[in-house]
Structure formats: C-alpha cells, structure tokens
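J.: My questions will all concern the structure given below.
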Amino acid sequence: MSDDFHPSPEAAFARGRLLQSQHRLQDAIACYKQALEIDAHHTASYLMLALCWMNEDDTAPQSVDAARRGVALEPENSFARSVLALALNANARDGQTAAIKAALEQAEAAVNLNPDSDFSHAVLARLHLRLRDYPKAEDAARAALSLDTENTMAAEVLSAALLLQRKDGDNQELTRYQLQRNAEDDSAHTSAGWMALMQGDHKKGNEHFLEALRLNPMNESARMGLIESFRARSWPYRLQLKFAHFMNQFTEGRQSAIMIGGFIGYRVLSSYLRNVAPFWAGVVIGAWLVFALWSHLARGFSTFFVTLDRFARQALKPREFWEGIVVGGLVFLSPTALVLGYLLQVPGTDFLALICLLSAVTNAAAFTNEHYIGRHVYNVAAAISGISVLYCGIAVFGNLDLPFVGTAAITTMYIGIATTWLRMLRVLYV
C-alpha cells in the first residue's frame, strides 16, 4: 500500500517540514502530531512541534513540554537542547531572570555537546542578548556565523549586539554585507532599518522596515521598528533615540551611576547659583526638569501624533494606541489647563498642569513596562494618578469644594516623582 494509507513517521514529518517552510503552521502541526501517533518516540517531531508552538501565547507552555520530551529521548542531541532553550526563553516573562538563565544553561549545554553547530551558537547568542550581556552575545553570534554565514538568527543578534554597544562601524559593514548577500532577506532589512533609525535617518529606516514587512509580515522586530520610525518624525523623540543610543554603550549599573551623578551635579550647581546668580539657577533647574520629563514623555508624546495618522496607526497594537492617547492627552492637558485658567481666571490651574505632567510620566512608565510583576504595580500607580487628575480637574474648573482634593493632588505628584527614579533605576521595570 502507498504512504497515503500507511504513512511512515518520516513521511508525515517531511510533509510537516514542507508546510512549515510555507508558514502553514497549523497544517504542519497536524503532520507532526500524525508522525507521533505512528511513532511516539519520533524526536524530530517533538522538536518541530516546540518550534511551531513557542511563538504563540496560548501554545507556548506546550512547546516546553514537547522540547523536554525530545531532550528526554535524545539527551545528547545539541539541537534538542537548543530548541528547549528557545522554548524556555519564549515562556520566560521579562523580569524573570532565573527562568531566562535556566534557558541559557540549556543553550550552553547544546554548544558543549556540539561546538560545530551554528544553530546552537545562535541560540546562545540570543539568550545572552536578552540578558543584556552584549559582548557575549556578539561573541556567540560571530561563532555561529563563522560556521554558517547564512545563519539569519545569528546575523540579527549580532547586528543588535553591535547596535547596543554602539559599534556603528561594524554594524554598518554587517548590514551592508547582509543586503548585498540577499536583498530579499527580511532580517537584513530589519537590521538596516534599526541602524538608520539610530543614526537619525527615520525615513530610510521606515523604507527598510516596510520592505522587511513586505517580505515577512510576521516580523515583529520590523513592526516595532516601523512604529519607532513613525515616532521619530517628532524631533523630541529623535533626540530621545540618540540619547538612548549613546547610553547603550554603558552597562545598566553605569547608566544608573551616570544619571545619579548628573542629579547630584545638578543639585550642587543649582544650590550654588541660587545665591550668586539666581537667574542662571532658574535656567539650570528648568533645564533639568525638561530633561527629566522629556526622557519619560518623548515616546508617548510622539505616539500621540502616530495615532492621528490614518496609515501609521494601523501598525499600532491596542496597547501602543492607548499609550499615545493617554500619555499624549495628559501632556496636552497640561498647557490647556494653564491657558484656560488664565483666560477664565480660575485659580489652581498651575498646580493642575503640573500634576497632569507627572501623571503622564506615571502612565508612560506603565505602558512601556514589561516586567511580569512591575507592570501591575505601575498600572495601579497610573490608575491612581489618572483618577486623581480627573478628580482635581473637576474640582478646579467646577469650582467645587470636594473632599481630599489636596491629598489627591499631592499623591499624584509624589507618585510621579517616585516613578521617574524607579524607572530610571529599573526597579521592577523592564
């Protein structure tokens, strides 16, 4: 009889691989399951199932189980260990460092089992990148590319590691090589787009991201880059990107030290000038406040303008859309309150304008935080500050003597100030 009536696990697996290469994942999954029904010890099918499942939230936990079964069947298989590392990484939420390090251990075991596997080195590079160990990510990615120059995962990780270490010359050479080698490689266009964006050329970045998405509509890095290129049409956000690119060359500890040192310097200088040159003391204080608030609000403020663009907003996810509406709205409410207060002769609008800005800071942190615990803490803080602003606004413009208005305003102010420090020091923040 033919394989159509009595298919072998190899035949079912081969059909699955073909369907997977065509991005028909559900059909491929059915084939892999068929192979396992025929042979419950077919390791390759478990591993391919894990790869198909790991990128969807509802099936990601199943990918770990499938990968573990593959490793249990062939514990000395480096590919199986690498797939398990990817599955564990996909299930580890931002901030769960121990879980990510468990994935790293599997990736290191895979490389030890087979030092000549470019895939294992590429997976190791990806884990180091997520743990923000950029030099090790670069070394592992280069090791993978030395074994196979066509390894797109390694090339993408290497480009990111170089970008985040501000090795712009090396990154430009890499992206140029990628595009010359294969102009139809979506990852090459994604890398080129991020490089252009960090150099301040948001138009060129936009072109590369659009091309990457044309080649692969599922490229999440390209979609994120496209949104960044839309945000970068706003000059405050372009400055923020350049500042972030400058700071990326330092470790997290050094970044925190630089910011704390800057704050101490500002306090010393402003205190000194307050006695000898009050005008310049005011300039220094104003400059620091603008810098402190701008670094938090630039993204949400720029996203607000993206929401006004009928084409650009189609690339936004719901959370990104509401980030622009809420954060941008609060930023615009601040000067609006001042103007209306002046025109209508309403007292207290200056303080209302201040807490609008500080509430915008808290909401900006909540929308951008990916920490598995911290995001809930910041969301609660954002909700409290947002409700307080609304409550205070009703009291001020309604000329109402509402209870606890002062407490609500002070609470919002302190939450906003605390958020600027907690976010900068990455306390429960990723």
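J.: Between residue 142 and residue 203, what is the label-to-label distance in nm when each label sits 7 Å out along the Cα-to-Cβ direction?
T.: Between residue 142 and residue 203, the simple spin-label model gives 3.6 nm.
J.: Which residues in the range 244-261 have a backbone N closer than 19 Å to a point placed 7 Å from the Cα of residue 276 along the Cα-to-Cβ line?
T.: Label zone hits: none.
J.: Ok, one more. Give me 352, 357 ranked fewest to most by other Cβ atoms within 10 Å of their Cβ, as a rough exposure proxy.
T.: Details: 352 24, 357 20.
Fewest-to-most Cβ neighbours within 10 Å comes out as 357, 352.
J.: Okay, moving on. Against the longest alpha carbon principal axis of the chain, how many degrees, from 0 to 90 and to the nearest 10, is the axis of helix 152-164 turned?
T.: In the chain, helix 152-164 runs at an angle near 30 degrees to the longest axis.
J.: Moving to a separate point now. Would you compute, from DSSP H runs of 4+ residues alone, the mean residue ellipticity of the chain at 222 nm, taking -39500 (n - 2.57) per run and dividing by the full residue count, rounded to the nearest 500?
T.: -26000 deg cm²/dmol
J.: With N residues in the chain, what two-decimal value do you get for its Cα radius of gyration over 2.2 N^0.38 Å?
T.: 1.17
J.: Going highest first, how would you order 257-267, 36-46, 56-66 by mean Cβ packing within 10 Å?
T.: On the way: 257-267: 13.0, 36-46: 18.3, 56-66: 15.7.
Averaged packing, sorted descending, gives the order 36-46, 56-66, 257-267.
J.: Now for a separate question. Could you identify which residue out of 282, 70, 300 has the top mean-square fluctuation in a GNM of the chain using Cα springs shorter than 10 Å?
T.: 282
J.: Among 404, 397, 367, what is the fewest-to-most ranking by other Cβ atoms within 10 Å?
T.: Going from sparsest to densest Cβ surroundings: 404, 397, 367.
J.: Something else now. If you line up the long axis of helix 349-368 against the longest principal axis of the chain, both from Cα atoms, how many degrees apart are they, to the nearest 10?
T.: On a 0 to 90 degree scale, this one is about 10.
J.: Please state the relative contact order of the chain as a whole percent: Cα pairs under 8 Å, 6+ residues apart?
T.: 8
J.: Under 18 Å from a label point 7 Å along Cα→Cβ of residue 239: give me every residue in the range 193-210 with its amide N that close.
T.: Counting only backbone N, you get 198-202.
J.: Here's another thing I want to ask about it. Rounded to the nearest 0.05, what FRET efficiency is calculated for residue 317 and residue 102 with R0 set to 35 Å and r the Cβ-Cβ distance? Can you show the working numbers first?
T.: On the way: r = 29 Å, r/R0 = 0.82.
The calculated FRET efficiency here is 0.75.
J.: List the relative contact order of the range 171-245 as a percent without decimals, with contacts defined as Cα pairs under 8 Å and 6+ residues apart. The partial results should precede the final answer.
T.: Numbers: 88 pairs, mean separation 20.4, N = 75.
With pairs under 8 Å counted, the relative contact order is 27 percent.
J.: Under a point spin-label approximation (7 Å from Cα along Cα-to-Cβ), what is the residue 14-residue 343 distance to one decimal in nm?
T.: 7.5
J.: Once the Cβ-Cβ distance between residue 250 and residue 38 is put in as r, and R0 is 45 Å, what FRET efficiency do you end up with, to the nearest 0.05? Before the final figure, lay out the partial values.
T.: Working: r = 55 Å, r/R0 = 1.22.
That gives a FRET efficiency of 0.25.
J.: State the answer as a single residue: which of 193, 21, 137 lies farthest towards the positive end of the charge dipole of the chain, with beta carbon charges of +1 for Lys and Arg and -1 for Asp and Glu, about the Cα centre.
T.: 193
J.: Please give the helix 318-344 orientation as an angle from the longest Cα principal axis of the chain, in degrees from 0 to 90, rounded to the nearest 10.
T.: 10
J.: On a full-extension model of 0.36 nm per residue, what is the gain between residue 116 and residue 133, subtracting their alpha-carbon distance, rounded to one decimal in nm? Write down the numbers at each step before the final one.
T.: Values: separation 17, 0.36 × 17 = 6.12 nm, distance 2.24 nm.
Difference between extended and current length: 3.9 nm.
J.: Testing the spin-label approximation: label points 7 Å from Cα along Cα→Cβ at residue 372 and residue 149. State their distance in nm.
T.: 4.1
Read-outs: derived from the displayed coordinates by stated rules, not from any lab. All figures in this text were calculated on a predicted structure; none of them were measured in a lab. Counting neighbours? That spans all protein chains shown, and the Cβs are built from the backbone with ideal geometry, glycine included.
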